[in-house]
Amino acid sequence: MRAVVLEAHGEPLAVREVSEPSAPSDGVVVETEACGVCRSDWHAWQGHGEWVDDRVPAGQVLGHEPAGRVVEVGADVDSLDVGDRVVVPFNLADGTCPACRRGRTNYCEGATALGFGPEAPGAFAERFPVPNAEVNTVELPSGVSSVAAASLGCRFVTAFQGLDAVGDVSGGDVVVVVGCGGVGLSAVQVGAALGGSVVAVDVRDEPLDFAAEQGARWTVNASEVDDVPARVRELSGGADVSVDALGASETCRNAVGSLASGGTHVQVGLTGAADRGEIPLPMDAIVQRGLAVAGSRGMPPARYEDLFRLVERGGVDPEALVTETVELSAVPDRLAAMSEFDAVGIEVVTEFG
């Protein structure tokens, strides 16, 4: 079957034939119907993450935002059948560790991540295996398309968990989102749906215009102002919750600096080679103003029903963020375009054969 393979970090990705997967006894094989193209795939391709022992190895099949149909079921799986439509969270869990027992399966201590390790070949492929499938698959409601589910991917669920569960956004809150790529635009939609007034920050007009269409009340082009936090405070009075959706010193510091007293910063963007996991923050100001800084990664499968209900009643529309559908062979070029930030919205692979 065809798949996208990382053969060497930073070198062109290969689209080639790989071996067919088989279902482990506790798992399933899913035929991929759609898979989002995410900046986390770009980080993997570039070889980032070694500073936290999280570098994706050469030979990896990438892709971690899939939806599809079960085509093979392991002998020990009782709750899934061939033909079931499922979405697979990227943070695969074992279901037994202390974090899992507390409901924090997105922080599983024995976890692997779909498309980021050799034991979990990814979904830029015609089919892919899912271990421990009764923990790591979520049935798709009939009213949610595969493209919408793929655009939920890691970006939308990360935004939802970060703003709803971690940031506790509610009506009347001001939410500043710095970086309007896929996860940032998702955070704009989610923040507005939760009742927040959203300030979207980016360095390009095109994603800012898109953010306004997705519910941002105000937009700030960071390339055109000298002091982003001051501009955010001028527009909104200061944010109750901030999100750095890119993962860089400038974007993180701008997000934290935009907070009003008592605000919460939620970090969802992972750093690149320039910062290598280390961003200096104004700690005295954090103390004096009573700010909180929290990280957020993915979302437990148990919370997907909350998000599906929000989608089905029209509170959010993840498919509205999909700007292009592509075939599998286009993935190397679409990831390369991310090096120049030459993409807007979410791109989804829908043709695999």
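Bear in mind these aren't lab numbers, they're just calculated from the coordinates by the rules spelled out. If you're wondering where the values come from, they're calculated on a predicted model, not measured in any experiment. Backbone-built Cβ (ideal geometry, glycine too); neighbour counts: all protein chains shown.
Among Q288, V174, C252, pick out the residue whose Cα is farthest towards the positive end of the charge dipole of segment 155-295, where Lys and Arg carry +1 and Asp and Glu carry -1 on C-beta, about the Cα centre.
Result: Q288, furthest along the dipole toward the positive end.
For the modelled label position 7 Å from the Cα of S79 along Cα-to-Cβ, which residues of segment 272-312 have backbone nitrogen atoms closer than 13 Å?
Within reach of a label on S79, which here means backbone N under 13 Å from a point 7 Å along Cα→Cβ, segment 272-312 contributes 301-305.
Of the candidates S223, S258, S197, which one comes out as most mobile in a Gaussian network treatment of the chain with C-alpha springs shorter than 10 Å?
Evaluated over the chain, the most mobile residue of the options is S223.
Cut-off 10 angstrom, C-alpha nodes, Gaussian network model of the chain. Which of A245, A14, A294 fluctuates the most?
Evaluated over the chain, the most mobile residue of the options is A294.
Please work out the C-alpha center-to-center distance from segment 230-296 to segment 1-73 and express it in whole Å.
Measuring centre to centre over Cα atoms gives 31 Å.
Could you check the simple spin-label distance between T96 and R289, using points 7 Å along Cα→Cβ, in nm with one decimal?
In this crude label model, T96 to R289 measures out at 4.7 nm.
Pick out, from L194, F128, V316, the residue whose Cα sits farthest towards the positive end of the charge dipole of the chain, with +1 on the Cβ of Lys and Arg and -1 on the Cβ of Asp and Glu.
Of the listed residues, the answer is L194.
Could you tell me whether segment 99-170 comes out rounded, prolate or oblate from its Cα gyration tensor? Rule is a ≥ b ≥ c as square roots of the eigenvalues, rounded for a/c under 1.5, then prolate if a/b exceeds b/c, otherwise oblate.
It comes out oblate by the Cα gyration axes.
When the chain is treated as a GNM, springs tying every alpha-carbon pair under 10 Å, which of P121, P21, P131 comes out with the largest mean-square fluctuation?
It is P21.
When the dipole is taken about the Cα centre of segment 155-295, and only Lys, Arg (+1) and Asp, Glu (-1) are charged at their Cβ, what size is it in debye, to the nearest 20?
240 debye
To the nearest 20 debye, what is the magnitude of the charge dipole of the chain about its Cα centre, counting +1 on the Cβ of each Lys and Arg and -1 on the Cβ of each Asp and Glu?
Dipole of the chain, to the nearest 20 debye: 820 debye.
Arrange the peptides 54-63, 234-243, 282-291, 261-270 so that the one whose residues have, on average, the most other Cβ atoms within 10 Å appears first.
With the highest mean Cβ count within 10 Å placed first, the list reads 234-243, 261-270, 54-63, 282-291.
Can you order the peptides 185-192, 37-44 by their average number of other Cβ atoms within 10 Å per residue, highest first?
185-192, 37-44
For segment 174-200 and segment 129-170, what is the separation of their C-alpha centers, rounded to whole Å?
If you average the Cα positions of each part, the centres end up 17 Å apart.
How big is segment 155-295 along each principal axis, measuring the range of its Cα positions in Å and listing the largest first?
36, 31, 30
Got a sec? Which residues in segment 227-263 would a label at E278 touch, if it sits 7 Å along Cα→Cβ and we count backbone N under 20 Å?
247-254
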